[in-house]
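One structure is given here, and the rest of the page talks about it.
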Amino acid sequence: MPTRVKICGITRPQDGLAAAAAGAHAIGLVFHPASSRYVTAAQARDIVAALPPLVSVVGLFVDAAEGVIRDLVAQVPLDLIQFHGTEAAPECRRYGRRYLKALHARPGADLIAAAALYHDAAGLLLDAFVPGVPGGSGQTFDWAAVPAGLPRPLLLAGGLDAGNVAEAIRRLRPWAVDVSSGVESAPGVKDAEKIGMFMQAVRDGDSPHG
């Protein structure tokens, strides 16, 4: 199966179009006000409206209040909700939507036990642990820490770019890879050339001759 690609932190319609044109399967919209990639509901609607069909839209939240999430879900057509904070499983389930749960690969973390708590998640996203930074840090983590036998599909994040994603795919065979800062010219501004290079590197990683 080819590795799926999510381009996260889209802030402009043209960047969403560039991701889709390059073959990305999903885009991520960040609804965390502290992020340099934060978008409002109005900005998000403009981005989604510009997308061609069959590109999934993921809304990312970090320990947001229930009312905030319900309001955004009502205003923006999201295919999945991504919980990127410390949300407990019941909080993730209360919206009746398919969801992704991010787990941070901090030293000594029991990822199998953590994953078991989110057994009904559509997928588990593993990201680097950077104190005070929930995501988009550009930092990698030790891929050897990823355990075999995770109960849900693995989405790999954390410092991926065109220079390392092929190796990550060959080593871990994730269901999907998630990139943000690795395809940017500035925080929140995607670079179409870097997106294209990243997509080619993903194909290289998938290739038995890569």
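The values are calculated or read from the model by the stated rules, or taken from the named source; none is laboratory data. All figures in this text were calculated on a predicted structure; none of them were measured in a lab. Note that each Cβ is placed from the backbone with ideal geometry, even for glycine, and that neighbours are counted across all protein chains shown. All accessible areas refer to the heavy atoms of the entire protein, side chains included, with ligands and DNA or RNA removed. Shrake-Rupley method; radii C 1.70, N 1.55, O 1.52, S 1.80 Å.
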Inset, instruction - Could you list all residues from the range 41-69 that are under 22 Å from L125 (Cα atoms) and among the charged types (D, E, K, R)? - result: D63, E66
Legend entry - Of residues in the range 172-188 being farther than 22 Å from L150 by Cβ and surrounded by fewer than 20 Cβ atoms within 10 Å (Cβ to Cβ), the one modelled with the lowest pLDDT: P187
Inset, instruction - Could you figure out which of (1) closer than 18 Å to G9 by Cα; (2) at pLDDT 95 or above isn't true of D127? - result: (2)
Legend entry - Unmet requirement for R152, which otherwise passes all of (1) in contact with a Gly (Cβ under 6 Å, 6 or more places away or on another chain); (2) within 30 Å of D191 (Cβ to Cβ); (3) charged (D, E, K, R): (2)
Inset, instruction - Determine which member of the set R106, R93 is farther than 21 Å from S180 by Cα, open to solvent by 10 Å² or more (accessible area, probe 1.4 Å) and not polar (S, T, N, Q). - result: R93
Legend entry - Lone qualifier among A50, A44, A21, A88 - being of a type in the set (G, A, S) and either within 21 Å of H119 (Cα to Cα) or in contact with a Ser or Thr (Cβ under 8 Å, 6 or more places away or on another chain) (or both): A88
Inset, instruction - With the condition kept exactly as written, say whether any residue in the range 151-161 is within 22 Å of M197 (Cα to Cα), open to solvent by less than 70 Å² (accessible area, probe 1.4 Å), in contact with a Ser or Thr (Cβ under 7 Å, 6 or more places away or on another chain) and assigned to a helix (DSSP H, G or I). - result: no
Inset, instruction - Find the residue count for the range 54-72, including only residues that are crowded, with 18+ Cβ neighbours inside 10 Å and more than 16 Å from the chain's Cα centre (by Cα). - result: 3
Inset, instruction - Please work out which residue is farthest from R203 (Cα to Cα), limiting yourself to the range 162-171 and to residues that are in contact with a helix residue (DSSP H, G or I) (Cβ under 6 Å, 6 or more places away or on another chain) and surrounded by fewer than 23 Cβ atoms within 10 Å (Cβ to Cβ). - result: R171
Legend entry - Pick from the range 7-37, criterion closer than 20 Å to L125 by Cβ and free of Cβ contacts under 8 Å to residues at least 40 places away in the same chain, ranking: surrounded by the fewest Cβ atoms within 10 Å (Cβ to Cβ): A34
Inset, instruction - For residues that are at pLDDT 95 or above and more than 19 Å from P151 (Cβ to Cβ), tally how many sit in the range 97-109. - result: 1
Legend entry - A44 vs. criteria open to solvent by less than 50 Å² (accessible area, probe 1.4 Å), farther than 17 Å from L155 by Cα and out of contact with any strand residue (DSSP E or B) (no Cβ under 7 Å at 6 or more places or on another chain): no
